[in-house]
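Novice: The structure is given below, and queries will be raised subsequently.
The values are calculated or read from the model by the stated rules, or taken from the named source; none is laboratory data. Note that the structure is a prediction, hence the values are computed from the model and not measured. Here Cβ is always computed from backbone atoms with ideal geometry, including for glycine, and neighbour counts include all displayed protein chains. With ligands, DNA and RNA removed, areas are computed over all heavy atoms of the protein, side chains included. Shrake-Rupley method; radii C 1.70, N 1.55, O 1.52, S 1.80 Å.
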Amino acid sequence: MRPDIRNGRLYLGGCDAVQLAGDYGTPLYVYSEEEIVGRFASLRETFLNRWENTRAAYACKAFCTPAMLKLVQREGMCIDVVSGGELHAAMQAGFPAGRIEFNGNNKLPSEIELAVDYGIGRIIVDGLQELALIEDVCRRRGRRMQVLFRVSPGVKADTHDYIVTGKKDSKFGIPLDAGSIYPCIRAAIDSEWVDFLGVHFHIGSQLFSVQPYLEAADVLLELLLETQSRFGYTMTELNIGGGFGISYTGEEEVRPYGYFLTPIMEKIQAFCAAREIPRPTVVVEPGRSIVGEAGTTLYTVGAIKDIPGVRKYISVDGGMSDNIRPALYHAAYTGLIANRADQPAVQRATVCGKCCESGDILLQDADLPAVETGDILAVFSTGAYGYSMASNYNSNPIPAVVLVRNGEHHLIVRRQTYGQILENAVIPDYLM
Ligand code: LLP
C-alpha cells in the first residue's frame, strides 16, 4: 500500500499521523479499519462467496482486542483462539460462541472447561491425551463438543524456521503414521461426547507459495479417503490454516487470496468429484494477512548518535517491547518520518529502540531524510504480532492502540501506566 501523504505529512485512515502522536502519545499502534475491512472483503470475493461450504476464522493471535473482535463479528467471520485469554477476550466482546474455534498444542484443563462452558463451535485437537481431557469435561458438564484433529502433514514450507509448523518434527499436530492418527480418529468416532468433523493443518506463516498447501491438501484428502474405507466414516470439514504472506518491505511477492485458495479449492473439488464423495466444508484461518498491513506504529525520535565512518543510530521511544519481530525473526520493516513524509532520503541510518539489548533494532540501514529529535517515525505493517507479542521488558508500558477510519480516530486500548505494570507485584512483609 502506498502511504497517504498530504502537505508533507503522513495520513493514516484519513487522520494526520503527527496529530495522532500528539493526541495519544507514542509509541502508538494505529490500525486502519478500512484496510481490515478490505481484507475481509477480498476474502469474501475470492473465497467465501465463490465457493459454497466455506468459512474463515480470523486467527486472533495476530491482534486480539475486544474492539477488533467486534469488527470481526460485524464482518460475519469466525475466530480461531489459542488460549483461555483469547477466549476470554472473545467472551468480553460478546463474540458468538458457535463461531469460535480453539487451537493449540497444550490446552489446559481450565481452558477446555471455559470453552465447553461457553459452548464454542469447535476444538481442534492435538492428540489422544487432549481428546480424553475434552471427553472428561464434556462428561462432567453433560455437553458435547465438535472436534477436528490437527495433523502435521509432513511438508516443508519456505519461511523462518520459528514459524514453520507443518513438518513432522514439530510440537504441533498429530503425525500421520497409521499408528498415531487412526487411533485418534477411531476414538473420536466412537466417543459419546464429541462429534468428529474432520482434520486441520497449518503449515507455517508468512508464505508466498501455494505449493506446500497443495501438498498438504493431497495428504489430507488421502486421509479422508482412508478414514472412509477403514471406518466407513465421512469427514465433513477440512481446515487448511492460515499463513498467507504480506508485504513488510515492498520487496515480497505478495499474492492475493485467490492465488492460494482457487487452486486449493479446485484440487479438493476435483478429488471429491472423481470419487463421488461430498466435498467437505473448507475453512481458512488467516491472521497476519487480515491485520498486518493495516497496522502502523508511531514513535518519537530521541537520541541520535553518529559514529563517524561506522553508523548513525537513531533511537526511538519504543522498540522490542512493542515489536519483538526484528529481534526474534530478523524481520525487516520500512518506515518514514511522518512530519517529513515528502522529504528526500539524504542519509542511511539504523533505527533502534530504547531497550537494553543490542538486538533491539527496528529498521536496519534505513534511508531517511534529515531527522531531528522530536520527529515522528512511522513503521509500516506492524499490525500482526506486534501488539500481541508486546512485553513489559525494561518495564516499558504497553502502548495504546487507536483505530482510524475516514478521518475519525477511536482509542481501543489505553496506554498501560507504570502503576498497572506493578499491579500484581507484592512485597512480602519480611522485606518491608
Ligand atoms: N492457524 C494456526 C493454527 C496457527 O498456528 C496460525 C499462526 C494461524 C492460523 C495464523 O497464521 P497467519 O495467517 O497469521 O500467518 N509470531 C509469528 C507468527 C506465528 C504464527 C503462529 N501461528 C510472527 O510474528 O511472524
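Novice: Check Ser83, Ser152 and return the single one that is under 27 Å from His330 (Cα atoms), within 13 Å of the ligand (Cβ to nearest atom) and modelled with pLDDT of 95 or more.
Specialist: On the way: Ser152 fails: modelled with pLDDT of 95 or more.
The conditions single out Ser83.
Novice: Within region 160-170, does at least one residue satisfy the condition of being in contact with a helix residue (DSSP H, G or I) (Cβ under 7 Å, 6 or more places away or on another chain), more than 13 Å from the ligand (Cβ to nearest atom), closer than 23 Å to Cys64 by Cβ and not acidic (Asp, Glu)?
Specialist: No, because not a single residue in region 160-170 is in contact with a helix residue (DSSP H, G or I) (Cβ under 7 Å, 6 or more places away or on another chain), more than 13 Å from the ligand (Cβ to nearest atom), closer than 23 Å to Cys64 by Cβ and not acidic (Asp, Glu).
Novice: Kindly evaluate Glu276 against the criterion of being open to solvent by 50 Å² or more (accessible area, probe 1.4 Å), away from the ligand (no atom under 13 Å from the Cβ), more than 30 Å from Ala378 (Cβ to Cβ) and among the acidic types (Asp, Glu).
Specialist: Criteria met by Glu276.
Novice: Follow-up question, since we're still on this one. Among the residues of region 317-330, write down those that are within 16 Å of the ligand (Cβ to nearest atom), farther than 12 Å from Tyr385 by Cβ and open to solvent by 20 Å² or more (accessible area, probe 1.4 Å).
Specialist: As a first pass, look at region 317-330 and keep what is within 16 Å of the ligand (Cβ to nearest atom): 319-330.
Right, trim to farther than 12 Å from Tyr385 by Cβ and you get 319-321, 327, 330.
Within region 317-330, Met320, Ala327, His330 meet the criteria.
Novice: Identify all residues within region 218-235 that are surrounded by fewer than 17 Cβ atoms within 10 Å (Cβ to Cβ) and outside any helix (DSSP H, G or I); write none if there are none.
Specialist: Passing the criteria: Gly232, Tyr233, Thr234.
Novice: Let me ask another. With region 256-355 as the region, which strands (runs of 3 or more DSSP E) entirely inside it contain at least 1 residues that are within 22 Å of Ala400 (Cα to Cα)?
Specialist: 295-307, 311-316, 335-337, 347-352
Novice: Among the residues of region 394-402, is any among the small types (Gly, Ala, Ser), open to solvent by less than 80 Å² (accessible area, probe 1.4 Å) and either modelled with pLDDT under 95 or in contact with a Lys or Arg (Cβ under 6 Å, 6 or more places away or on another chain) (or both)?
Specialist: Scanning region 394-402 turns up at least one residue that is among the small types (Gly, Ala, Ser), open to solvent by less than 80 Å² (accessible area, probe 1.4 Å) and either modelled with pLDDT under 95 or in contact with a Lys or Arg (Cβ under 6 Å, 6 or more places away or on another chain) (or both).
Novice: Can you tell me how many residues in region 327-348 are farther than 25 Å from Ile246 by Cβ and in contact (Cβ under 8 Å) with a residue 40 or more places away in the chain?
Specialist: Looking only at that region, the number is 4.
Novice: For region 373-382, name all the residues that are in a strand (DSSP E or B) and over 23 Å from the mean Cα position of the chain (by Cα).
Specialist: Result: Ile376, Leu377.
Novice: While we're here: Here are some residues: Tyr182, Tyr162. Which one is at pLDDT 95 or above and surrounded by fewer than 21 Cβ atoms within 10 Å (Cβ to Cβ)?
Specialist: Tyr182
Novice: Still on this structure: Among the residues of region 270-320, which ones are in the same structural domain as Gln347 (by TED's automatic domain parsing), of a type in the set (D, E, K, R) and farther than 30 Å from Cys64 by Cβ?
Specialist: Lys305, Asp306, Arg311, Lys312
Novice: Is it fair to say Tyr333 is within 16 Å of the ligand (Cβ to nearest atom) and in contact with a Pro (Cβ under 8 Å, 6 or more places away or on another chain)?
Specialist: On the way: within 16 Å of the ligand (Cβ to nearest atom): yes; in contact with a Pro (Cβ under 8 Å, 6 or more places away or on another chain): yes.
Considered against the rule, which asks whether it is within 16 Å of the ligand (Cβ to nearest atom) and in contact with a Pro (Cβ under 8 Å, 6 or more places away or on another chain), Tyr333 comes out as yes.
Novice: Here's something else I'd like to know. When region 253-269 is examined, which residues are found to be closer than 17 Å to Met235 by Cβ and either more than 22 Å from the chain's Cα centre (by Cα) or not assigned by TED's automatic domain parsing to the domain that holds Phe208 (or both)? Write out each step before concluding.
Specialist: Initially, region 253-269 is screened for residues closer than 17 Å to Met235 by Cβ, giving 264-265, 267-269.
Result: Met265, Lys267, Ile268, Gln269.
Novice: Scan region 37-47 for residues that are more than 18 Å from Arg2 (Cβ to Cβ) and surrounded by 20 or more Cβ atoms within 10 Å (Cβ to Cβ) and jot them down.
Specialist: Matches in region 37-47: Phe40, Leu43, Phe47.
Novice: Taking the options Ala390, Ala366, Ala338, Ala370, name whichever one is under 24 Å from the mean Cα position of the chain (by Cα), modelled with pLDDT of 95 or more, among the hydrophobic types (A, V, I, L, M, F, W, C) and open to solvent by less than 60 Å² (accessible area, probe 1.4 Å). Give the steps one after another, and end with the answer.
Specialist: On the way: Ala366 fails: under 24 Å from the mean Cα position of the chain (by Cα); Ala338 fails: under 24 Å from the mean Cα position of the chain (by Cα); Ala370 fails: under 24 Å from the mean Cα position of the chain (by Cα).
None of the others qualify; the one that does is Ala390.
Novice: While we're on this one: Given Ile376, Ile314, which one is open to solvent by 10 Å² or more (accessible area, probe 1.4 Å), more than 16 Å from the ligand (Cβ to nearest atom) and at pLDDT 95 or above? Quick ask: steps written out before the conclusion?
Specialist: Details: Ile314 fails: open to solvent by 10 Å² or more (accessible area, probe 1.4 Å).
Answer to the check: Ile376.
Novice: Taking the condition of a type in the set (A, V, I, L, M) and touching a residue at least 60 places away in the same chain (Cβ under 8 Å), does Ala390 pass? It would help to see each step written out before you state the result.
Specialist: Details: of a type in the set (A, V, I, L, M): yes; touching a residue at least 60 places away in the same chain (Cβ under 8 Å): yes.
Yes.
Novice: Do we find a residue being among the polar types (S, T, N, Q), modelled with pLDDT of 95 or more, at negative phi and touching a strand residue (DSSP E or B) at 6+ places or on another chain (Cβ under 6 Å) anywhere in region 40-58?
Specialist: Yes, because at least one residue in region 40-58 is among the polar types (S, T, N, Q), modelled with pLDDT of 95 or more, at negative phi and touching a strand residue (DSSP E or B) at 6+ places or on another chain (Cβ under 6 Å).
Novice: Look at region 110-137 and say how many of its residues are under 21 Å from Arg55 (Cα atoms) and open to solvent by 50 Å² or more (accessible area, probe 1.4 Å).
Specialist: Going through region 110-137 one residue at a time, the tally reaches 1.
Novice: Sticking with this one: Looking for whichever is assigned by TED's automatic domain parsing to the domain that holds Val283, within 16 Å of the ligand (Cβ to nearest atom), among the polar types (S, T, N, Q) and open to solvent by 10 Å² or more (accessible area, probe 1.4 Å) here; the options are Gln206, Gln211. Which one fits?
Specialist: Testing whether each residue is assigned by TED's automatic domain parsing to the domain that holds Val283, within 16 Å of the ligand (Cβ to nearest atom), among the polar types (S, T, N, Q) and open to solvent by 10 Å² or more (accessible area, probe 1.4 Å) leaves just Gln206.
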